[in-house]
């Protein structure tokens, strides 16, 4: 479903990664490990088409919906929770007649519906993360590209999010998730890869090198 083929990315004189390849199939939940600054977010942005590669190619099977969360995800502070959701509906290619129901469904799921009229600038960091996850699920995606999704979540929503992704993976979705929280990822992951020194390598569970 997703294929990374001999990709290279550099910024001026700095090589972020080079000659990296990875295939993600239906039912895969791949945890992307690596130190801060190793290029994990850059790779996720490349998969989303936000940035281009200097070499190689990325192939994503057509006719799939993508849910994404980036650590610098754009939320509009002066708008309400609900209006932030509305802005992302057309970007998520949700048909107009389905938008109201989708917004209500995911705000309810992440415990935000009762706060939907509050401006984003007036909510906590944890609520902002739940809003970003609600936005990521607006189009009921079958591909998840997520950067540190557990950051700021309390245990209730860590469990809800885990159950959500586990069910989607069981139904044939694909997830590539950057996370430092190995324990929280263990119930989800079937593969672990490490991005380090500009190279991508497959790992055993929990990041122990093969």
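Only the coordinates and a few stated rules stand behind these numbers; no lab work does. Every value quoted in this text rests on a predicted model; they were computed, and no experiment measured them. Cβ atoms come from the backbone with ideal geometry, glycine included; neighbour counts cover every protein chain shown.
A Förster radius of 35 Å, combined with the Cβ-Cβ distance separating residue 25 from residue 77, puts the computed FRET efficiency at roughly 0.35.
The modelled label-to-label distance for the pair residue 155/residue 202, using points 7 Å beyond Cα in the direction of Cβ, is 3.6 nm. Mind pulling the angle between the C-alpha long axis of helix 125-136 and the longest principal axis of the chain? Nearest 10 degrees, somewhere in 0 to 90. Long axis of 125-136 versus the principal axis of the chain: about 80 degrees. Computed over the range 42-189, the P(r) curve from all C-alpha pair distances, binned at 5 Å from the origin, holds 2, 9, 19, 22, 22, 15, 8, 3, 1, 0 percent per bin. Fully extending the segment from residue 166 to residue 113 would add 16.7 nm, taking 0.36 nm per residue of separation and subtracting the current Cα-Cα distance. Taking the C-alpha atoms only, the angle from helix 155-170 to the longest principal axis of the chain is near 60 degrees. Taking label points 7 Å from Cα along the Cα-to-Cβ direction, residue 10 and residue 91 give a separation of 3.2 nm.
Placing R0 at 30 angstrom, the Cβ-Cβ distance between residue 59 and residue 36 gives a FRET efficiency of 0.60 after rounding to 0.05. Where the alpha-carbon atoms of the range 74-140 are placed on the principal axes, they occupy 30, 21, 17 Å, in descending order. Among 24, 189, 35, which one shows the biggest mean-square fluctuation in a GNM of the chain, springs joining Cα atoms closer than 10 Å? Among 24, 189, 35, the largest mean-square fluctuation in the Gaussian network model of the chain belongs to 35. For the residues 11, 109, 88, a GNM of the chain with alpha-carbon springs under 10 Å puts the largest fluctuation on 11.
Note on the chain: with a GNM built from Cα contacts shorter than 10 Å, the maximum mean-square fluctuation among 153, 69, 107 falls on 153.
Counting every other Cβ atom within 10 Å of each residue's Cβ, 148, 183 order from fewest to most as 183, 148. With respect to the chain, whose longest principal axis is taken over its alpha-carbon atoms, helix 81-91 is tilted by about 50°.
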